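A short worksheet on the structure shown next.
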Amino acid sequence: MIAMTQAECFEQLQTQLEKAGCDSPAFDAICLLEDLSGLPHGRRPDDTELTSTQQAAVLAAADRRAAGEPLQYILGCWDFLTLTLDVGAGVLIPRPETELLCETGAAFLSIRKGATALDLCAGSGCVALGLCSLQENVHVTAVELSGDALPYLQRNVARYPQYAVAPVCDDVL
């Protein structure tokens, strides 16, 4: 493997992802470099040479992305509101529309002190945690049955113990 700089790797990734039909090849390429090569967030790739381990990891991740795997699953986490949540196969990726849902729900719950809510089919827990992050004194029970999704829910709830979210494994039906 021929050694590459961050800038050379970025160009290669962007071209590969563009050819694969990714919607945002430059964004995806920079996210992969930041996550896997130590490129500081917000810094442009430069002439810093990647180690062979970094280079192999970035190129392997780019192959996964070019094959259609969601960027968020490759990275293993995604920002949602002020939270960083673990995501992967088995959970839906938090989206801006879901942020709007949480903001609307939090506004509704603001008129009720000590409100409780249910997040059914909670997945990553983004709705439950999002509500609690936006509105004080909200208690949410997050119900998830899927054995693929439940570990993400449990990890995300454990990451934010300041929020009153209770993960429950159960069938909502």
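Couple of notes before you dig in:
- In the set (1) open to solvent by 40 Å² or more (accessible area, probe 1.4 Å); (2) β-branched (V, I, T); (3) not in a strand (DSSP E or B), the condition left unmet by T141 is number (3).
- Qualifying residue in the stretch 90-102 (condition: open to solvent by 50 Å² or more (accessible area, probe 1.4 Å), more than 24 Å from G125 (Cβ to Cβ) and among the basic types (K, R)): no
- Test for S37: is it in contact (Cβ under 8 Å) with a residue 24 or more places away in the chain, of a type outside the set (V, I, T) and open to solvent by less than 60 Å² (accessible area, probe 1.4 Å): yes
- Inspection of the stretch 96-103 finds a residue satisfying the criterion of being at pLDDT 95 or above, touching a strand residue (DSSP E or B) at 6+ places or on another chain (Cβ under 8 Å) and not acidic (D, E).
- Per the conditions (1) farther than 20 Å from A166 by Cβ; (2) touching a residue at least 12 places away in the same chain (Cβ under 8 Å); (3) within 12 Å of the chain's Cα centre (by Cα), the sole criterion not satisfied by Y152 is (1).
- Residues of the stretch 63-89 that turn out to be within 30 Å of A3 (Cβ to Cβ), charged (D, E, K, R) and open to solvent by 70 Å² or more (accessible area, probe 1.4 Å), as a count: 2
- Pairs with Cβ under 9 Å, 6+ apart, first in the stretch 79-98 and free of Cβ contacts under 8 Å to residues at least 40 places away in the same chain, second among the small types (G, A, S) and surrounded by 17 or more Cβ atoms within 10 Å (Cβ to Cβ): L92/G123; L92/S124; L92/A149; I93/S124; P94/G123; P94/S124; P94/G130; T98/G130
- Count of residues meeting criterion [small (G, A, S) and part of a helix (DSSP H, G or I)] in the stretch 2-42: 4
- Note on the stretch 44-83: among residues that are assigned to a strand (DSSP E or B) and of a type in the set (D, E), the one that is farthest from G125 (Cα to Cα) is E49.
- Residue among A60, A106, A7, A117 that is of a type outside the set (S, T, N, Q) and open to solvent by less than 20 Å² (accessible area, probe 1.4 Å): A106
Per-residue answers, yes or no, for (1) on the phi > 0 side of the Ramachandran plot; (2) of a type outside the set (F, W, Y):
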site	(1), (2)
A66	no, yes
F80	no, no
L85	no, yes
G90	yes, yes
R95	no, yes
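The values are calculated or read from the model by the stated rules, or taken from the named source; none is laboratory data. These numbers come from a predicted model, not from an experiment. Here the Cβ is made from the backbone with ideal geometry for all residues, glycine too, and neighbour counts use every protein chain on show. Heavy atoms of the whole protein, side chains included, go into the accessibility calculation; ligands, DNA and RNA do not. Shrake-Rupley method; radii C 1.70, N 1.55, O 1.52, S 1.80 Å.
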